[in-house]
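Step one of this worksheet: look at the structure below.
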Amino acid sequence: MNKEDIAIQFELLLKEYSVARYEDSIWAFPDYPHHIKSNYGWKIHISAILTNAIQIARKFLTLNQKYHFDFKIISSIPYLEQMNMGYFGNSQVGKFITIYPDQSAVTETLELIYYYFHDDVGIRVGSDISYKQGLNVYYRYGTLLDDVENIDKRDKKLKPSSNVEKIYDYRLERYNSLPARYLILKAIKQNGPSGVLLALDLQTKLKVIIRYADKYYNIESAGIDERDRLISASSLLEKDFVRNSSFFETVVDAFYVNDAFFVVT
């Protein structure tokens, strides 16, 4: 399919789902009213490239028939090309679809979007954080309605206010190699890109157990892999009702090293 055909198919797809361009904007919106109430909050971006824009848009718009998200989507393929090349500013690159989730269910929405889109290819959204180091699901805290305090510079420096939902993924550090504070003593178990290590924490002088898993190891047909399961277990151990139980281990640290996830107990 050539570029002109993709553009026509995309235009027809938006019409099919009653999504229309808003006045002189580059964005298209659904035909129902938004319910955004706050000026600031979490928002989610789904990235796309020219060759998969129709696939991603159709998948999202079909999903939206059930969930009725507050969202906007780029209104044409030429605009998508220009956006991904930085014509509308570097802060807009990659923002094919913007979702304004219910601020009381942000993690739930992120998990849903990640489940459906994490293996799709997208261009990096430089102003956002990649959810679980995925390929095209991003999120950030920023302007939802108006930047009344003039503080949203789209550079990841705007910190969430204290009254918004805490996202486990948000607090995790991203590294290119294992932090120097951990000295590996031995491998207790190794299964390809997953395993359990015994290490010495050089800061606390205590021995720790490090579990790790990379993407795609032991993957299910639904796309859930060993890394997803380890992240879920780690976030569960963060819950108050678990931390207060002596039956469970305590998470000392958790972080990403490239695409792999590590949890220290």
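Given the criterion in contact with a helix residue (DSSP H, G or I) (Cβ under 7 Å, 6 or more places away or on another chain) and touching a residue at least 60 places away in the same chain (Cβ under 8 Å), identify the matching residue among 129, 113, 123.
Just a single option satisfies the conditions, and that option is 123.
Would you say residue 109 is in a strand (DSSP E or B), polar (S, T, N, Q) and at pLDDT 95 or above?
Against the criterion (in a strand (DSSP E or B), polar (S, T, N, Q) and at pLDDT 95 or above), residue 109 does not qualify.
Return the residue satisfying two criteria in turn: it lies in the stretch 46-60 and is small (Gly, Ala, Ser) and part of a loop (DSSP other than H, G, I, E, B), and of such residues it is farthest from residue 95 (Cα to Cα).
48
Going through the stretch 173-193 one residue at a time, which ones are in contact (Cβ under 8 Å) with a residue 60 or more places away in the chain, outside any strand (DSSP E or B) and either exposed (fewer than 12 other Cβ atoms within 10 Å of the Cβ) or touching a helix residue (DSSP H, G or I) at 6+ places or on another chain (Cβ under 9 Å) (or both)?
176, 177, 193
Which condition breaks for residue 162 when tested against (1) touching a Lys or Arg at 6+ places or on another chain (Cβ under 7 Å); (2) farther than 25 Å from residue 71 by Cβ; (3) not assigned by TED's automatic domain parsing to the domain that holds residue 255?
Against the list (1) touching a Lys or Arg at 6+ places or on another chain (Cβ under 7 Å); (2) farther than 25 Å from residue 71 by Cβ; (3) not assigned by TED's automatic domain parsing to the domain that holds residue 255, residue 162 comes up short only on (1).
The conditions are (1) surrounded by 17 or more Cβ atoms within 10 Å (Cβ to Cβ); (2) within 30 Å of residue 150 (Cα to Cα); (3) touching a residue at least 24 places away in the same chain (Cβ under 8 Å), and residue 36 fails exactly one of them. Which is it?
Result: residue 36 passes all but (1).
The values are calculated or read from the model by the stated rules, or taken from the named source; none is laboratory data. This one's a predicted model, so the numbers in the text were calculated from it and none came from an experiment. Every residue, glycine among them, receives a Cβ derived from its backbone with ideal geometry; neighbour counts consider all protein chains shown.
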